[in-house]
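Inspection log for the structure reproduced underneath, given as structure tokens.
The values are calculated or read from the model by the stated rules, or taken from the named source; none is laboratory data. Note that the structure is predicted; figures quoted are calculated from it, not measured. Please note: Cβ atoms are built from the backbone with ideal geometry, for glycine as well, and neighbour counts cover all protein chains shown. Protein only, heavy atoms only, side chains kept; ligands, DNA and RNA dropped before computing areas. Shrake-Rupley method; radii C 1.70, N 1.55, O 1.52, S 1.80 Å.
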Amino acid sequence: MIDAKTKLCCIIGNPVEHSLSPKMHNAGYNALGLNYTLLAFKVVDLKSAIAGFRALNVRGIIVTIPHKQEVMKYVDQIDETAQKIGAVNTIVNTDGQLTAYNTDWIGALLALEEKTVLDGKTIAVLGAGGAARAIIYALKTKKTKIFVFNRSLKQAQELAEDFQLDGAYGLDKTKLISNTDIIINTTPLGMEPHENNSPLPASSIKETHLIFDIVYTPNRTKLLQLAIKNHARVVYGYKMVLYGGAKIFELLTGKKAPLKVMEKALTGGLHKYA
Ligand SMILES: NC(=O)c1ccc[n+]([C@@H]2O[C@H](COP(=O)([O-])OP(=O)(O)OC[C@H]3O[C@@H](n4cnc5c(N)ncnc54)[C@H](OP(=O)(O)O)[C@@H]3O)[C@@H](O)[C@H]2O)c1
């Protein structure tokens, strides 16, 4: 029940109406009997929003597109990992001090490790934006060979330089992409309302591949449909939301996240759930 002691958390983004975070986190708070609640706010004026959250002593803020980088200007501390990644997705308010973290990397790492051992693998990362940076940070904690493929070659080259990757190419180099063990899509290709798009043709996907699509609306993207048809193994994007969300839950409440409850809340909200 909400009362005068309820700790308020929020998710900010633009758009944010599609977010499944309120469902997932509130289910977790309820399961543990925590006097917390999480609401979604569409935010345009980010600086004023953060000042408002400070004034209201909001406990925590989940940050999504397009604010993950700009918000770094308005917090008091940035955790070392988030600094290396160059983007944040969680802000914790401790006695008025705002500290920012990135949990996308751990979400991706746990989602992948559920299906494979990463050491020794050669990996193609499609896309070179904020999510790619977090995922590459995660992959670099293991003994992996990483190649990045992006629409804008310059962006891929910059990313490869920042993280000392093994190569940077255009997205059209499908033959090179198909010669890897794991393919990770971090572009929005395949996301609603463009769910008929795939970043790769079926001919690039082999039975031996593990294909991870971080797009989670729809759950079974076009890329994952092609992968399943070609008998490849797949990792669904919602797993990254779940495991990254569990880490956020722990940062905000200090309690271990009730994963099963949160997963049920999350998948119940995904249409076309596989
Ligand atoms: N599952 C999860 O937990 C999770 C977490 C974070 C993000 N995501 C999803 O990941 C996606 C990317 O997020 P982000 O934060 O990395 O975005 P971002 O920083 O804007 O980067 C987008 C990347 O995708 C590429 N791209 C965009 N439109 C494209 C198109 N039409 N064709 C080919 N490439 C295109 C961009 O290439 P250029 O450099 O050429 O522009 C860029 O490399 C979004 O769909 C987001 O919802 C999922």
* In segment 169-217, how many are assigned to a strand (DSSP E or B) and free of Cβ contacts under 8 Å to residues at least 40 places away in the same chain? -> 4
* Asked: Would a scan of segment 153-165 turn up a residue that is more than 8 Å from the ligand (Cβ to nearest atom), outside any helix (DSSP H, G or I) and loosely packed, with under 15 Cβ neighbours inside 10 Å?
  -> yes
* Would you pick out the residues in segment 60-98 that are closer than 11 Å to Leu251 by Cβ and either open to solvent by 50 Å² or more (accessible area, probe 1.4 Å) or outside the structural domain of Leu46 (by TED's automatic domain parsing) (or both)? -> Thr94
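Each row is one residue, and each column tells you yes or no for (1) more than 13 Å from the ligand (Cβ to nearest atom); (2) surrounded by 15 or more Cβ atoms within 10 Å (Cβ to Cβ); (3) not assigned by TED's automatic domain parsing to the domain that holds Ile228.
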position: Glu113; (1), (2), (3): yes, no, no
position: Thr122; (1), (2), (3): yes, no, no
position: Gly129; (1), (2), (3): no, yes, no
position: Ala132; (1), (2), (3): no, yes, no
position: Asn150; (1), (2), (3): no, yes, no
position: Ser178; (1), (2), (3): yes, yes, no
position: Thr186; (1), (2), (3): no, yes, no
* Filter segment 190-219 for residues that are under 15 Å from the mean Cα position of the chain (by Cα) and open to solvent by 40 Å² or more (accessible area, probe 1.4 Å); which is farthest from Ala232 (Cα to Cα)? -> Met191
* Asked: Any chance segment 19-42 includes a residue that's aromatic (Phe, Trp, Tyr), open to solvent by 50 Å² or more (accessible area, probe 1.4 Å) and touching an Asp or Glu at 6+ places or on another chain (Cβ under 9 Å)?
  -> no
